[in-house]
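Working notes, structure below.
The values are calculated or read from the model by the stated rules, or taken from the named source; none is laboratory data. Quantities reported herein were computed from a predicted structural model and do not represent experimental measurements. We place every Cβ from the backbone using ideal geometry, glycine too, and count neighbours over all the protein chains shown. For the accessible areas, the whole protein counts, side chains as well, though only heavy atoms, and no ligand, DNA or RNA atoms are used. Shrake-Rupley method; radii C 1.70, N 1.55, O 1.52, S 1.80 Å.
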Amino acid sequence: MTDKEYAYFEGKFVDIGDAKVSIKTHVVQYGTGVFEGIRGYWNEKEEEIYLFRLREHFQRMNDSMKIMRIEPKHSVDEMCDLAVELVKKNAPRTDVYVRPLAYKNSQLIGPGLHNNPSEFCMFAVPFGAYFKTGDEGLKVMVSSWRRIEDNAIPPRAKVTGAYANTALSKTDAVLYGFDDSIVLTEDGHISEGSAMNLFMVKNGELVTTLVSDNILVGITLSSVIEFVRSELGIETSRRKIDRTELYSADELFFCGTGAEVCAVVDVDKRPVGSGKMGPMCEQIKNLYHKITHGEIEKYHKWLTPVYAKKGSKIGAR
Ligand code: PMP
């Protein structure tokens, strides 16, 4: 990174120290914002950062804004350009995480989303592994906190205030000595991890939940479904998953922008399969690593280069 850290705030690039909102701001008081988390992968050989599925993240953000009545300040294309520009200005030579936020900016008392102007901001930070357990895998618990419902706070929109739900389940799990949690829907089926989606392997079948199981519809999840189909010839089944299926699964793994692909080796103090990362998870994790780092040409379509030097393998968008 350069000495100076830039953010995009109220229509321009500013020093991070100047990107501040008042304590009266609606989003601070009521959680009325929507956000995204986007990873950029540093490729040492090519001296390049590849932003992973940039456009899909801003498309989802646009959908989240629509649900929350947050008027977009920029088109999807403009937000993509701003993200590239922001990372370039900060000039990191490491993996990065880009965090755009669109939010209600009035200083009104009262929760209304109407007559309430919106703003957009974005920052980028160097970012390594979300879980420090590496190939050891994660020990998790099924949370006693239930996942928020579509008709309460829609989980398919990445709403800032909704992460109070995530924070409760994650924190309790960690304080009880687990690495993370899995949350159930109100009807008692598997929804997802605290901030990642879940896959299960049983008798060679790869299974994940339905979009209607109150998950955030993950971009990593849809990427995994797509590349597992074309690279491994495996079709993912999408259906409801019962809690006790986790206890008899051969393999479980989380996926998400932060979490990437990470084995779950123990649930509620019951080892999953052999209690170690399973072969299907290992294959998918390796493929994901190669794809995100630009090592498989077929998936260059998912990568946006930041520095886009002349002659670089993947051209600018
Ligand atoms: N569920 C939740 C609640 C999340 O916060 C995330 C992380 N964005 C995910 C799932 C995974 O989604 P994605 O693969 O798009 O990052």
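In summary, TYR299 fulfils each of the numbered conditions (1) open to solvent by 40 Å² or more (accessible area, probe 1.4 Å); (2) in contact with a helix residue (DSSP H, G or I) (Cβ under 6 Å, 6 or more places away or on another chain); (3) not hydrophobic (A, V, I, L, M, F, W, C) with the single exception of condition (1). In segment 257-283, the qualifying residues are those that are open to solvent by less than 10 Å² (accessible area, probe 1.4 Å) and in contact with a helix residue (DSSP H, G or I) (Cβ under 6 Å, 6 or more places away or on another chain), and the one that is farthest from GLU46 (Cα to Cα) is VAL267. With respect to ARG243, is the statement that it is away from the ligand (no atom under 16 Å from the Cβ), at pLDDT 95 or above and under 22 Å from the mean Cα position of the chain (by Cα) true? Spelling it out, it is not the case that ARG243 is away from the ligand (no atom under 16 Å from the Cβ), at pLDDT 95 or above and under 22 Å from the mean Cα position of the chain (by Cα). Scanning segment 189-224 for residues that are more than 11 Å from the ligand (Cβ to nearest atom) and polar (S, T, N, Q) gives ASN203, THR208, SER212. Inside segment 225-240, residues that are within 16 Å of the ligand (Cβ to nearest atom) and not polar (S, T, N, Q) make up a count of 5.
You will find that of ASN105, ASN116, the residue that is polar (S, T, N, Q) and open to solvent by 40 Å² or more (accessible area, probe 1.4 Å) is ASN105 and no other. Of the residues examined, ASN151 is not one that is surrounded by 17 or more Cβ atoms within 10 Å (Cβ to Cβ) and at pLDDT 95 or above. One residue stands out among those in segment 20-41 that are basic (Lys, Arg) and more than 13 Å from the ligand (Cβ to nearest atom): the one that is most open to solvent (accessible area, probe 1.4 Å), which is LYS20.
Looking at this structure, is GLU260 under 11 Å from ILE284 (Cα atoms) and in contact (Cβ under 8 Å) with a residue 12 or more places away in the chain? Considered against the rule, which asks whether it is under 11 Å from ILE284 (Cα atoms) and in contact (Cβ under 8 Å) with a residue 12 or more places away in the chain, GLU260 comes out as yes.
Return the residues of segment 283-312 that are without any contact (Cβ under 8 Å) to a residue 60 or more places away in the chain and not in a loop (DSSP other than H, G, I, E, B); say none if nothing qualifies. Listed by number, the residues that qualify are GLN283, LYS285, ASN286, HIS289, LYS290, GLU297, HIS300, LYS301. The set of residues in segment 144-188 that are closer than 22 Å to GLY134 by Cβ, among the charged types (D, E, K, R) and within 13 Å of the ligand (Cβ to nearest atom) comprises LYS170, ASP180. No other residue among GLY233, GLY204, GLY193 is assigned by TED's automatic domain parsing to the domain that holds PRO279 and within 16 Å of the chain's Cα centre (by Cα) apart from GLY193. Of the residues SER118, SER143, the single one that is farther than 30 Å from PHE13 by Cβ and among the hydroxyl-bearing types (Ser, Thr, Tyr) is SER143.
Restricting to segment 1-28, what's the tally of residues that are more than 22 Å from ALA83 (Cβ to Cβ) and either free of Cβ contacts under 8 Å to residues at least 12 places away in the same chain or touching a helix residue (DSSP H, G or I) at 6+ places or on another chain (Cβ under 6 Å) (or both)? Residues that pass the stated criteria total 2. Within segment 82-93, identify whether any single residue is modelled with pLDDT under 95 and open to solvent by less than 10 Å² (accessible area, probe 1.4 Å), and answer yes or no. Yes, because at least one residue in segment 82-93 is modelled with pLDDT under 95 and open to solvent by less than 10 Å² (accessible area, probe 1.4 Å). For segment 11-26, the criterion of a residue being modelled with pLDDT of 95 or more and touching a Ser or Thr at 6+ places or on another chain (Cβ under 7 Å) is satisfied by at least one position. The residue pairs whose first member lies in segment 207-225 and is assigned by TED's automatic domain parsing to the domain that holds GLU149, whose second member is within 11 Å of the ligand (Cβ to nearest atom) and part of a helix (DSSP H, G or I), and whose beta carbons are closer than 6 Å, counting only pairs six or more residues apart or on different chains, are ILE219/GLU56. Here LYS298 fulfils each of the conditions (1) assigned by TED's automatic domain parsing to the domain that holds THR244; (2) under 16 Å from ILE225 (Cβ atoms) apart from (1).
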